[in-house]
Amino acid sequence: MTIKRIAIVGATGLVGAAATEYFSGLPGWEVVTLSRRSPRRGKPVHHISADLTDTDACKAAFAQAPTITHVLYAALYEQEDLLEGWKSTSQAGINLTMLQNVVENVAGRLDFKHLTILQGGKAYGSHLGRVPVPAKERWPRMDHQIFYWQQEDYLKSRSADAGWSYSILRPQLILGDALASPINIIAALGVYASVMRELRRPLSFPGGGQYVTACADSRLIARAAEFCFMHETAAGETYNVVNGDAVNWRDLWPSIAAHFNMPVAGDEPMKLSDEMPLLDECWEAIVAKHGLQPLKMSDIVGSSWQTADLTWGYGKERPFDRLMSPIKLRQEGFSDCYDTEDAILYWLTRMQDAKILPR
C-alpha cells in the first residue's frame, strides 16, 4: 500500500483537531501536524511547531519534516475584533503570508499532490447582510474585502501547470471542541450553560430574534477533505460543506437545557462578549467544584463570545436566514451528513469527558 502523508495545518483548531483524529485512524495515511501547540488528539508521525508568519522558521521546520503528499490547510489568523478583522487588509496580508509559508515549502516536492483550504459563509457576504437562500458555489465572486480571495488567487496561480491541485471547502458555523478558538460556538454554549446553572438560573436564550441557519460538524469537514484528496474531479473546485439539515437555535434550547439538567426559560437578551468575562470568578468556582482542567474561561472560549453574539442574533429583531446549499458536493458523490442537534450534544459531551466542562 502506498502511504499518503497529510500535513494538517492548524492542527489544534476546530477542523484541524477533528482531521488529526480522523486521518490518524485511516488506513494508508500518515499524519504530520503543524501548530504552535502540540495536538491533543490523533497519532501524528511528525509535529511541526512553527509560527506561520515567520518565513525562515517555516523553511527550517519543513526541512526537518518527512515528504508530504497532501495538505489540509485549516490555519487562520483573526484579529481581536472579529467583524473589523474580516474587513481588514492587514489581516488579509497575514493570512496570505501564512499560506505561502506552507505552500512554498511543500509544493516543490515531486510527491506533492493536493491542498484543500477552508473558506466559509463570508465568501457570500453573510457577515454583511442578507444573502439569497441557499448560497451556492456557482455564484460570481462577491466584490468585498475578505482574505479568501487573495489566498484563492495565489493557489490558482501557484498550482497552474505545477503538477498539483487544490480545492476549497466552505463550511458553515463549525462544530468542534478546540480550545481558545475565535469561532467556537460549542465552547461558548457549554461555558454559558454551566455558569447559568451554577448561578441557579434557568437556560434563557441570550440572543435576538428567530432565524434559520445551518452548521458543519468538524468530523464531516475532515471526511470532505479526504473526498477532495481522492477525487480528481475536485481539482480547482469549491464545495459548501454543511450537515444537511437546517436549525433554529431557539428550538434547540430545550435539548441543550436537558443535557445540562437545567430548566429552560424564555428570552433574556445578554451581550455575552461584555457580560460573560465578568463572571470569571464563577467559572473558577465551577472548575474547583467539579475538578475540571485548570483552565480559565478565556482559555476555553477565546473570542467566541463574539461568535455567540453574532450566531444567536443579539440585538437583532429578525436576523437574516443563513443557509448554504450542500447539493454540489452531494452530486459529486459525497453523501455524508450529521443531525445538527445530535452533533451539538456530541461535542458538549466530548468537552465534558475531557473535564473541560462540568457534567
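Couple of notes before you dig in:
- Matching strands (runs of 3 or more DSSP E) fully within the range 152-242 where at least 1 residues are touching a Cys at 6+ places or on another chain (Cβ under 7 Å) and under 26 Å from THR12 (Cα atoms): 165-171
- Pairs where the first residue, in the range 260-275, is in contact (Cβ under 8 Å) with a residue 40 or more places away in the chain and the second is open to solvent by 80 Å² or more (accessible area, probe 1.4 Å) and assigned to a loop (DSSP other than H, G, I, E, B), C-beta under 6 Å, 6+ apart: LYS271/TYR314
- Restricted to helices (runs of 4 or more DSSP H) entirely inside the range 20-134, those with at least 1 residues that are over 25 Å from LYS156 (Cα atoms) and not aromatic (Phe, Trp, Tyr) are 55-63, 82-86.
- Residue check for ILE146: modelled with pLDDT of 95 or more and either of a type outside the set (Gly, Ala, Ser) or open to solvent by less than 60 Å² (accessible area, probe 1.4 Å) (or both): no
- Inside the range 339-355, residues that are surrounded by 20 or more Cβ atoms within 10 Å (Cβ to Cβ) and either of a type in the set (Phe, Trp, Tyr) or farther than 15 Å from HIS259 by Cβ (or both) make up a count of 1.
- Checking each residue in the range 180-198 for being within 17 Å of the chain's Cα centre (by Cα) and either open to solvent by less than 20 Å² (accessible area, probe 1.4 Å) or farther than 15 Å from LYS296 by Cβ (or both) picks out SER181, PRO182, ILE183, ASN184, ILE185, ILE186, ALA187, ALA188, LEU189, GLY190.
- When SER204, SER126, SER167 are checked against the criterion of being over 23 Å from PRO319 (Cα atoms) and of a type in the set (S, T, N, Q), SER167 stands alone in meeting it.
- The number of residues in the range 58-73 that are of a type in the set (Gly, Ala, Ser), open to solvent by less than 40 Å² (accessible area, probe 1.4 Å) and either touching a Ser or Thr at 6+ places or on another chain (Cβ under 7 Å) or farther than 18 Å from SER24 by Cβ (or both) comes to 1.
- When residues of the range 313-359 are limited to those that are among the basic types (Lys, Arg) and within 18 Å of the chain's Cα centre (by Cα), the one nearest to ASP251 (Cα to Cα): ARG322
- Residue among LEU26, LEU14 that is modelled with pLDDT of 95 or more, under 23 Å from SER167 (Cα atoms) and surrounded by fewer than 21 Cβ atoms within 10 Å (Cβ to Cβ): LEU26
- Once the range 293-309 is narrowed to residues that are of a type outside the set (Val, Ile, Thr) and surrounded by 20 or more Cβ atoms within 10 Å (Cβ to Cβ), the residue that is farthest from the chain's Cα centre (by Cα) is MET297.
- Every residue from the range 239-267 that is polar (S, T, N, Q), open to solvent by 20 Å² or more (accessible area, probe 1.4 Å) and more than 21 Å from ARG350 (Cα to Cα): ASN248
- Each residue in the range 122-142 was checked for being over 21 Å from the mean Cα position of the chain (by Cα) and open to solvent by 40 Å² or more (accessible area, probe 1.4 Å), and 8 pass.
- Condition met for ASP280 (within 24 Å of the chain's Cα centre (by Cα) and either open to solvent by 50 Å² or more (accessible area, probe 1.4 Å) or at positive phi (or both)): no
- Residue list for the range 76-119, restricted to those being under 20 Å from GLN306 (Cα atoms) and either at pLDDT 95 or above or open to solvent by 40 Å² or more (accessible area, probe 1.4 Å) (or both): LEU76, TYR77, GLN79, GLU80, ASP81, LEU83, GLU84, LYS87, GLN119
- When residues in the range 282-339 are screened for being aliphatic (A, V, I, L, M) and assigned to a loop (DSSP other than H, G, I, E, B), 3 of them pass.
- The one condition in (1) over 20 Å from the mean Cα position of the chain (by Cα); (2) closer than 28 Å to CYS282 by Cα; (3) not aromatic (Phe, Trp, Tyr) that LEU175 fails to fulfil: (1)
- Residue check for THR213: open to solvent by less than 10 Å² (accessible area, probe 1.4 Å) and in contact with a strand residue (DSSP E or B) (Cβ under 7 Å, 6 or more places away or on another chain): yes
The values are calculated or read from the model by the stated rules, or taken from the named source; none is laboratory data. No experiment lies behind these values; they were computed from the predicted model shown. Every residue, glycine as well, gets a Cβ built from its backbone with ideal geometry; the counts of neighbours run over all protein chains shown. Ligands, DNA and RNA are excluded from the accessible area calculation, which covers all protein heavy atoms including side chains. Shrake-Rupley method; radii C 1.70, N 1.55, O 1.52, S 1.80 Å.
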